[in-house]
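All remarks here apply to the structure that follows.
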Amino acid sequence: SWELVRRVTETMLHLADLGHVILVGRGGNIITRPIDHAFHVRFVGSTERRIERLRDFEKVSEKAARRLIEESDEARRRYVKKHFKKDIADPLLYDLVVNTDRLKDEDAARLIAEASMTRCR
């Protein structure tokens, strides 16, 4: 387990150092914190809206969607806590937190692009 985390960390650092890459999950925001040109975004949304999106995308029942979301959230929380001793929900680990209940996908993408260009100048 630790060997895999070490390899993932090395790969993420290499990719982030090259730039023009989007890294999702696995503590990427913590791993790449020392890289000046890295920009860290967290997406948040209500359980109800997340269930609705997952049902539309995966074509699963509400019960299955809720279970998948709960299991995924818990696994992510545990992974970051175990390997990086951090709370994944700590807003200070991110440059921007986006509420997906309040913004359309296109508006969120525009906001992230603008914020990252301003931050990484």
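The values are calculated or read from the model by the stated rules, or taken from the named source; none is laboratory data. None of the values given here were measured: they were computed from a predicted structure. Don't worry about glycine lacking a Cβ; one is built from the backbone with ideal geometry, like all the others, and counts go over all protein chains shown. Accessible surface areas use protein heavy atoms only, side chains included; no ligands, DNA or RNA. Shrake-Rupley method; radii C 1.70, N 1.55, O 1.52, S 1.80 Å.
Listed values, structure above:
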read-out	value
Rounded percent of accessible protein surface that carbon and sulfur make up, the chain, 1.4 Å probe	54 percent
Farthest positive-ward along the chain dipole, Cα basis, beta-carbon charges - from ALA65, ALA16, LEU4	LEU4
Table column - 3J(HN,Hα) (Hz), segment 14-22, Karplus curve with 6.51, -1.76, 1.60, x for Gly and Pro	4, 5, 5, 5, 5, x, 6, 9, 10
For segment 1-52: accessible area per residue (Å², 1.4 Å)	68 Å²
Computed Kirkwood radius, in angstrom, where 1/r is averaged over Cα pairs of segment 1-43	10.6 Å
Pairwise FRET efficiency - ILE69 versus VAL5, Cβ, R0 = 25 Å, nearest 0.05	0.55
Value of Rg/Rh across segment 21-103 [Cα atoms, Kirkwood radius]	1.00
Those aspartates and glutamates that a straight Cα-Cα span of less than 20 Å connects to LYS85, excepting residues fewer than 8 apart in one chain	GLU3, GLU10, GLU71, ASP73, GLU74, ASP95
Accessible surface, per residue, of segment 75-117 when the full set of protein chains is kept, probe 1.4 Å, Å²	72 Å²
